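Everything on this sheet refers to the single structure shown next.
The values are calculated or read from the model by the stated rules, or taken from the named source; none is laboratory data. Predicted, not measured: the structure shown is a model, and the values here were computed from it. Backbone-built Cβ (ideal geometry, glycine too); neighbour counts: all protein chains shown. Accessible surface areas use protein heavy atoms only, side chains included; no ligands, DNA or RNA. Shrake-Rupley method; radii C 1.70, N 1.55, O 1.52, S 1.80 Å.
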Amino acid sequence: MTDADANIDPVPSTASAQTRTVRVDLGERSYVVAVGSELLEFAGMLVRERLGTKPRRAFVVVDSGVSAADRQRLLAGFASVSLDATVHELRATEHDKSLATIQKLCESMTKARVERTDVVIALGGGIVGDVAGFAASAYRRGVAVVQCPTTLLSMVDASVGGKTGVNLELSGTLKKNMVGAFHQPIGVLADLATLATLDDRTFRAGLAECVKHAMLSAEFGDPDLMAWTQTAAGALAARETAALCELIARNVAIKARVVAGDEREEAEGTTGRALLNLGHTFGHAIEALPDARGMRADGTELPGAIHHGEAVALGLRAACALGESLGLDRGYANSVLALLDQLALPRAAKGLPATDEILARMADDKKSVSGVLRLIVPAAPGRSVIRSDIPAPAVRSAIESIRSV
Ligand code: GLY
C-alpha cells in the first residue's frame, strides 16, 4: 500500500456511533479529523491504516498536564497493532516552546532510534502540538505526525491545518511562532473525554476561537454557526458531550475549508487563511504583557497572565469596534459582544501600556508586511475581510475600547 492510496479514514465506523469526521482536503496530504468520545484508543490503528506496516515505533510527546488515564488509553491502543512506544513529557509553557526544546526532542528521538518511517504522536494542547509537529517536520527531514489535541482551543484550531513552530526570545521579548514549518498531520483525534480535566478558564478560552470561526462562517459554508453557538452557550458551558461534539465538528469544518483554500496563507481578499488571524493581532499585542490582566463583565479581575484564548476574545471585541467605525452594523457587533459575555470571556484588560506602544507591538506582529499593519475586520454577519489600509486613529480607538482603568 502506498501513502497515496492509504485509507485516510482514521476510525472504523464501528468505533462509536457518535463520532463525527471532517476531511481536510489537501490532495495527497488530505486527512480526517475525528471528533468523539474514546478515540485515543484508536491512534495505533490510525497509524497502521495510514502508513501500513512500516512504522515500528510511536514517539509520543505528551503534555505534562495530561492525565494518567488519557495517556494510558493512548498507549493501550499501540500494543494491539505492535507499535513500540517511547514517551517524552513536555512542559507546555510559551517559554518552553523554543528551539532548545526542539533540540532536546530530536536528541530524544535519536536515542529512541526513531526512523524516517516511524511516527510522532502529539498528545496535549496547542503548545505540545506545535512543538511536536515542528520536531516531526525536521527530524530526519520529516516524519509523520498524528495530532491528539486535549484542549478545546487545540481541537478547533491548532491541531488542524499543519502550522507548527516555536517562539524566539529576543532581548527578553517573546516573538511568537517565529520559526516553524507547515507539516500536515496524517490524522487528528479530538477525544472529548480529554476535556473533562480542563479547568474552567482554559476550557472557556477555547470558546473564543469558536466565536472567531462564527464571525467567518458565512463565507465558509455555515452561516448559522453564530446563531447555533448563541443557542447552545449554556450546554457548552456545562460541557455537554453532544453540544461539544457539534461545536468542534462545525468549527473544524470551517477551519478545514479555509486551509483547503489557502494552505500556506498566501491569498488576499475574503477567503485567505489570514482571515483566521481575526482578533489575533490585537490579542498577540496584549497577551505577553506581564502586567496586563483580564477583567470580567462584573468588573472583577482574572488572576495571573491573560490566556491566549482570552486575548483573542479581547481582540475580537477590538475588531468589532474597528468594524463599527468602518460601517459594520451595530446590532451585529453587539450580538458578538453579547455572545462573548455569555461565554464568560473577558470584557476588557487593565494594566495595558500606552496605546501607541500597543500599536507599535501590533505593527511588529509577524503578520505585518513591511511594517504595515494587516488587520482582519468584521464586515457583515459571518464575513470578515483582510485590510492593510486602516487609518491609525481607528485602530487607536479600537484598542481604547478594551482598556479598563
Ligand atoms: N491558527 C491560525 C491558522 O492556523 O492559520
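Looking only at residues in region 258-278 that are part of a loop (DSSP other than H, G, I, E, B) and within 11 Å of the ligand (Cβ to nearest atom), the one that is most open to solvent (accessible area, probe 1.4 Å) is Arg264. Taking region 309-347 as the range and being open to solvent by 20 Å² or more (accessible area, probe 1.4 Å), part of a helix (DSSP H, G or I) and either over 18 Å from Ala214 (Cα atoms) or acidic (Asp, Glu) (or both) as the test, the residues that pass are Glu324, Ser325, Asp341.
The residue that is most open to solvent (accessible area, probe 1.4 Å), among those in region 285-295 that are farther than 13 Å from Leu316 by Cβ and part of a helix (DSSP H, G or I), is Glu287. Filtering region 157-182 to residues that are out of contact with any helix residue (DSSP H, G or I) (no Cβ under 6 Å at 6 or more places or on another chain) and at positive phi leaves Gly162, Ser171, Gly172, Asn177.
Does region 224-231 include one or more residues that are in contact (Cβ under 8 Å) with a residue 60 or more places away in the chain, within 16 Å of the ligand (Cβ to nearest atom) and of a type in the set (Ser, Thr, Tyr)? No, because not a single residue in region 224-231 is in contact (Cβ under 8 Å) with a residue 60 or more places away in the chain, within 16 Å of the ligand (Cβ to nearest atom) and of a type in the set (Ser, Thr, Tyr).
In region 362-372 there is at least one residue matching the filter, namely being under 30 Å from Val179 (Cα atoms), open to solvent by less than 30 Å² (accessible area, probe 1.4 Å) and either touching a strand residue (DSSP E or B) at 6+ places or on another chain (Cβ under 7 Å) or part of a helix (DSSP H, G or I) (or both).
Of all the residues in region 279-288, those that are away from the ligand (no atom under 13 Å from the Cβ) and either touching a Gly at 6+ places or on another chain (Cβ under 7 Å) or at pLDDT 95 or above (or both) number 1. Of the residues making up region 387-394, not a single one is assigned to a loop (DSSP other than H, G, I, E, B) and surrounded by 20 or more Cβ atoms within 10 Å (Cβ to Cβ).
Restricting attention to region 244-251, does a residue exist that is within 21 Å of the chain's Cα centre (by Cα), within 16 Å of the ligand (Cβ to nearest atom) and open to solvent by 20 Å² or more (accessible area, probe 1.4 Å)? Looking through region 244-251, none of the residues is within 21 Å of the chain's Cα centre (by Cα), within 16 Å of the ligand (Cβ to nearest atom) and open to solvent by 20 Å² or more (accessible area, probe 1.4 Å). Of the residues making up region 48-72, those that are in contact (Cβ under 8 Å) with a residue 40 or more places away in the chain and not in a loop (DSSP other than H, G, I, E, B) are Glu49, Arg50, Leu51, Arg57, Ala58, Phe59, Val60, Val61, Val62, Asp63, Asp70, Arg71. Among the residues of region 95-128, those identified as assigned to a helix (DSSP H, G or I) and open to solvent by less than 10 Å² (accessible area, probe 1.4 Å) are Leu105, Met109, Val128.
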